[in-house]
Every structure is written in C-alpha cells, then in structure tokens.
C-alpha cells in the first residue's frame, strides 16, 4: 500500500516554512543578529531537558540568543569577570543587584557620593521592602567601618564618585568588607573595564582582592554614540551569579538585539575612544584650574583632587596609549566660586556652543550640567570647597575648539 502523497504547500505557507537554510558557517567581522521570542526545539525531549542558564542551549528569546550571549561574554572578559547578564539600563543593573542580594530586615550601605538614581532606588523601593539604608563618607574607610551594622548585607562602591569625582581607597574598603564577609558591588561605568580591574584590585592576576559584583552602564563608553540604553551585571562567583540570574529572570528583563548589535559594533573602538576622551578631559581640567572663577577642579588624575592618591595607587603607575599616566575617563567637575550667582552659572552653561546641556556621558558630543550638590548628599560634605558644582563630559571634538568655547563662556558669565 503506498503512502498518501503530501500535497505541496501553498505559496503562503511556503513563505513561512521554506526549507532553505544556510549550508555553511558564515564568518564576518561582526556577529550575526539573531532575534527571537520563540526558539524551535528538535523534539520533546530537548524541550524538557535543555537549560539556558549555562549558555549551553537556547529555550526562549527572553533568556538570550547567540547575539546577546556574545555581548555578555565579551563584557565579562572586558571587566575580568566570568558571568554577565544584560539589562535595559545601568540603573536596571543596579536595581537587579539590590533585589537579588537583599531581603526584608537587611541593611545596605552606600557611599554618600553615590549615583543619584541609585540612592533613590534604595530609599524608595528597597526601603519599601523592608531594607534599611545607610551612608558613609566615600574617602573614609574608618567611617565606612563605623556604619556597618550586624545586618549589613551589601556595600556599594563608586570609583570615581558621581558628579564630585572622589576616588576612594578601593582596596581598603573591599578588604574591610571581606573581613566581615559582606559582599561588595561597584558601579564600574567610569572605569569601564579599562582604568582598572574591579575583580583584581591588586592587578597581579590572583583575584585575591576584588569586588563581588560590577554594575556597568553600557549606555556610556561601550555604546559610545549616545543612542543606546543598556546595562550589564558582571560577577565571578557562581553562587552570586545564580542569585542575580534568578532575579533577572523573575523580573523579565530582556534587551533589544539591534541594541546589542550596536554595542558589539562599538566595542572594538572603545579603548581608542576612552583614551581620547581621557586626554582631552585632562587638558581641559588643567585649563579650568587656571580660571579665576573656579575654586576647585574635581578630576581623579589631577593632583589635589579628592582621592587623587587612591587613583594613582589603583589606576596609575604606567603610561597609557595617550602618553599620560593611567586612565581616568572623560569626566571632570569644577566648583565655581560662591560669589557668583546661580543665574551667572546658568548663563555660563547656556553660553557654551559646543557643550550641550544634557545628562549622561561617553558619547561624541561634549555635555555640561550644573548641580546642586547639597540636595544630593545625606552627610556633611568634606571634600568640596564651597560653591556650585558644574560637571563636564568631554566628547570627541577638537580639544582646542572646546577650550576656546569654555574661555568665551567664562568671559561672558563671569567677566
């Protein structure tokens, strides 16, 4: 008896189920872009047994595709970690860490110069779930030690500090927390995996002394275009990674694969851009230090800046590709003399031609933001001179044009 003949599919079905597949591996400078929600299994046994958690299989688009896995592996390698998770922004990375590592009754300790939205998340969302929040002076290991409670379950680090750019004694802070068996997490967006290795603070490859978790806003230097929002959470300890991974899964975080593609394309040039930002920022910070209206320049690589000695110990010691010591990103802030009014400071910022008024950093366009530091702090400010803080993110414009722009705006606003 002959088998019944299977009728040929209609053109409409053939459009969806056409049998052609590439017959050989395809290799090119950029990885392929794989988008999916549904991912096909070859049989029911595979559907029941495949596990995405160790990247050995694909089960659903939310858990990753080859494109996302490639970026996770590259970010882990960049930062010196072993495991990486992608999320929708740097703040999402910070939030997942808090939710994964803390529970009701725990205490989290943050530096007082912490990224503002991170502080807001701790004081609103974490506090709402029964987690208490404390702050320590970022440059005082002793003050940090005094603020640790019996129920402290996480200590955050910032290097350099948000807006005010203090660079802490990372080794001493991490050593303190390790002695008390308290996990540490760092916002590593400034260092970007290039200024220093957060998982190997001794720099000898031993990983004897390092943080437990790194949160990184890929929005900044890895993207480099000011057009992508994404974050990463990197770790080395498998148990910590599993905790982070479980929260990441339960929160349903997924990233757009086209955004992943954009960052993958930008990664090969990241170090070139980072050091170009760095060299320009140091030149302009030095120029601003000579201006009469400026009472303090906040840049970790400049002598006299809060925490400079710690930066030198952690990031200095060798000459980078730009011919300068160490690495220090493309950010700096200045404190404008308190004799000038807020209106004059606003005029200075608005008079800049090449610097745009905008948040974020790491892109090709230079940015400027005036801050009210007093409203951002919980403890008495110990590192800054009185005055108004203005932060600059240096882009990739000609540094001579940027310096001339600063000069004309200073003259217009402050005479």
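Every read-out reported here was derived from the displayed coordinates using simple, explicitly stated rules and does not represent laboratory data. Remember, predicted model here, so these are calculated numbers, not experimental data. Note that each Cβ is placed from the backbone with ideal geometry, even for glycine, and that neighbours are counted across all protein chains shown.
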Protection proxy (average C-beta count within 10 Å per residue), highest first, orders 175-186, 91-102 as 91-102, 175-186
Placing each pseudo-label 7 Å from Cα in the direction of the beta carbon, residue 251 and residue 325 end up separated by a distance in nanometres of 3.9 nm
Contact order relative to length for the chain, counting C-alpha pairs under 8 Å separated by 6 or more residues, stands in percent at 15 percent
Over all viewing directions the Cα convex hull of segment 270-414 casts an average projected area in nm² of 8.6 nm²
Here the relative contact order (percent) of segment 270-414, from C-alpha pairs under 8 Å and at least 6 apart, is 28 percent
Protection proxy (average C-beta count within 10 Å per residue), highest first, orders 138-148, 31-41, 206-216 as 206-216, 138-148, 31-41
Under the helix-only model (-39500 (n - 2.57) for each DSSP H run of 4 or more, divided by the residues of the chain), the mean residue ellipticity at 222 nm, to 500 deg cm²/dmol, is -10000 deg cm²/dmol
Taking alpha-carbon centroids only, segment 340-415 lies from segment 1-60 a number of Å equal to 53 Å
Length gained if residue 272 through residue 8 is fully extended, taking 0.36 nm per residue and subtracting the Cα-Cα distance, is 89.5 nm
As a percent rounded to 5, the proportion of antiparallel DSSP bridges among beta bridges in segment 44-268 is 40 percent
Here, segment 44-268 modelled as identical Cα point scatterers in vacuum has Debye log10 I(q)/I(0) at q = 0.08, 0.12, 0.14, 0.15 Å⁻¹ of -0.27, -0.62, -0.84, -0.97
Here segment 163-255 gives, from Cα atoms, an Rg and Dmax in Å of 14.4, 42
For segment 39-78, the Kirkwood Rh over every pair of distinct alpha carbons, in Å, works out to 10.9 Å
For segment 79-118, the convex hull over Cα atoms projects on average to an area in nm² of 4.0 nm²
Rounded to whole angstroms and listed largest first, the alpha-carbon spread of segment 43-139 along its three principal axes comes to 55, 30, 19
With Rh as the Kirkwood radius over Cα pairs, segment 183-222 has Rg/Rh of 0.98
To the nearest 0.05, the calculated FRET efficiency linking residue 342 and residue 57 through their beta-carbon distance, R0 being 41 Å, is 0.10
per DSSP, antiparallel bridges as share of beta bridges in the chain, % nearest 5, sits at 60 percent
Helix 238-251 sits off the longest principal axis of the Cα atoms of the chain, rounded to the nearest 10 on a 0 to 90 degree scale, by 80 degrees
Here the relative contact order (percent) of segment 44-268, from C-alpha pairs under 8 Å and at least 6 apart, is 26 percent
In degrees, nearest 10, the alpha-carbon axis of helix 399-414 is tilted away from the dominant principal axis of the alpha carbons of the chain by 50 degrees
Expected sort for 81-89, 119-127 on mean C-beta neighbours within 10 Å, highest first, is 81-89, 119-127
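Report the extension gain between residue 375 and residue 204 in nm, rounded to one decimal, defined as 0.36 nm multiplied by the number of residues separating them, less their alpha carbon distance.
57.5 nm
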Rounded to the nearest 10 degrees, the helix 170-179 long axis (Cα) sits at an angle to the longest Cα principal axis of the chain of 60 degrees
Distribution output for the chain: share of Cα-Cα pairs per 20 Å bin in percent, first bin at 0, values 25, 52, 18, 4, 1, 0
With a Förster distance of 56 angstrom and the Cβ-Cβ distance between residue 18 and residue 396, calculated FRET efficiency to the nearest 0.05 equals 0.80
